[in-house]
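Only one structure is covered here, and it is reproduced in the block below.
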Amino acid sequence: MQMGFSQRQNQNQNQRMAQTQTMRLNQRQIQSLRLLSLGTEELVEEIGRFSERNPALEVEGAESAGDVGVEKSHGFDGFSDYEKYSSSSGRDDESDMFQAALESNADDRETLSEHLLHQLFSMDISEEKREYCRRLIENLDGNGFHILAVESIFKGMSRAFMEKCLDIVQRLDPVGTCCANYEESLFVQAKIASEEMRVPKAALFILNGRFEMLNPPQVQKITRKVNRYIESQRGLKFANESQKTEALPNAFSEEDIADALTFIKSLDPFPARNFGWSKANFVTPDVRVEKIPVAESDDGDVPFRVVIEKERIPVLRLSESYERFSQKMNSIPEDERSEKQKAEANFSRDAIQSARVFIDSVNFRESTLARAASEIVKRQLPFFQNGPRFLSPLKQKDIAEALGVDVSTISRMANEKFLSCDWGTFGFGYFFTNAVNDETVRNQKTSGLSGGGSAPVSKEGVKFEIAKLLEEHRNDKKQLSDQKISDILMERGIKVARRTVAKYRLELNIDSSYSR
């Protein structure tokens, strides 16, 4: 009878241990997935909050909540950590006072977004243009430059429509915001100014992608550089794309360059500098994709490397002093411990276990990001080589299968994560797009969208081709019908039905052939 009771007791104990292990596993998975869904800024804040609650975690080498650029470690030399970390302390009050002091000195100037939106909403433009201009404005950083690549905002819209919206915002006061950088801003300011006043031709020529010629800012040296460049370009047998749209000027005199330099100095490279700062307009890329120099590349198929941005994420480790403290508490025989020592032993053991799980979860987030980004680069190689026009069809399921994880993991990973590359900064979700048709023609003559073969063509790539076709035939007496567009695309190796062309044309905000 006693043996049966003992067996049942052991069985029940084993079941409880199994349930506890399963619960811990689930908690570990839940925390890993939760951290995976956080953006960089949110992760840094979460690390700060966790380290405040858990003395077993040490934070070093990056900004964290309450500790900026300073190592955060805990010394445990005999005082009661259980009491310190399980009860409220005066630090909460100090933190509230510090936050109140910050808020009392807040920047109360009108923000750039507020200033631009006020002007936008008073303009007589279509609702669609107003909506996309609003998105552009809300995508500006404190300098008035793009945060995310403009193409990601206008995904599915025509380039002509995108340029109209850009022009609207760039002309708002202050002129020259909504640009990629200060060089583009200076060129936009000069181009708009040239519509109402005389702007030195040399200034427009230099600011149009040749800003490096101004270094050093000495008239004689700039003149030599500019004229040498013009002479060398005239000697080329074949002009590149930029020179087809811009006629080369005659040589400039030193007086021309001096006038240009004076004019350029009158422009403001940071036109948004006098406005208040909005914390909402801030994006930290989680991943950087950079080209690998040919000499370093050992894989000719993927000449890019994926770099996880770690500058903002602290280095995490277990506190050695707290581990020693926990070992000391747990080394005391249980029947010899006081109630206080029992509580401290349990608390320290749980704190160390919790810190280990947290560190593992942060590492899981980093490795998943790196693996997913590498797979995206491999599958979207034409995009990274040639730009947004070459975006290929890709589903989250494809990445999940390649990584051997659930689709929900990739979905969480793509949430609020950003990737920077030569073409700008994009949300991870930008790279997931449907195929137009699983049956594409092998003979891809001129589109280059899928690099030949029978790979599916992305919806965005077909839209780009439709917009490009209509732009090429814009001045034709008889405008291209949807059926004619479908036929031309077929000749280029892209099989798209007439109804699909009509659908995409409407999404591009382009009228039918009868209305054009």
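Spacing of the modelled spin labels on residue 491 and residue 218, each 7 Å from Cα toward Cβ, amounts to 5.7 nm. The separation of segment 135-196 from segment 329-388, counted between C-alpha centres, amounts to 42 Å. Gain on full extension, evaluated as 0.36 nm per residue between residue 324 and residue 123 minus their Cα-Cα distance, stands at 65.6 nm. Pairs exceeding a 24 Å alpha-carbon distance, out of 129/191; 291/397; 164/468; 395/459: 291/397. Computed over Cα pairs, the Kirkwood radius of segment 117-233 leads via Stokes-Einstein (1.567 mPa s, 4 °C) to a diffusion coefficient of 82 µm² per second.
Nearest 0.05, what FRET efficiency do residue 423 and residue 30 give at R0 = 25 Å with Cβ-Cβ as r? The calculated FRET efficiency here is 0.10. Put a dot 7 Å past the Cα of residue 498, heading toward its Cβ, do the same for residue 395, and the two dots end up 3.0 nm apart.
Taking GluC sites (Glu not before Pro) across segment 139-238, the ones in a DSSP loop with at most 10 further Cβ atoms lying within 10 angstrom of their Cβ are 195, 196.
Residues 182, 229, sorted by accessible area with the largest first, give 182, 229 [1.4 Å probe; ligands and nucleic acids excluded]. Between residue 228 and residue 507, the modelled label-to-label distance comes to 5.0 nm, taking each label 7 Å out from Cα in the direction of the beta carbon.
Heavy-atom accessible area for residue 232, with the other protein chains in place and a 1.4 Å probe, reaches approximately 60 Å².
Segment 397-420 and segment 486-501 have Cα centres lying 32 Å from one another.
The values are calculated or read from the model by the stated rules, or taken from the named source; none is laboratory data. Predicted model only: the values in this text are computed from it and were never measured. Every residue, glycine as well, gets a Cβ built from its backbone with ideal geometry; the counts of neighbours run over all protein chains shown. Note: accessible area is taken over every heavy atom of the protein model, side chains too, but ligands, DNA and RNA are not part of it. Shrake-Rupley method; radii C 1.70, N 1.55, O 1.52, S 1.80 Å.
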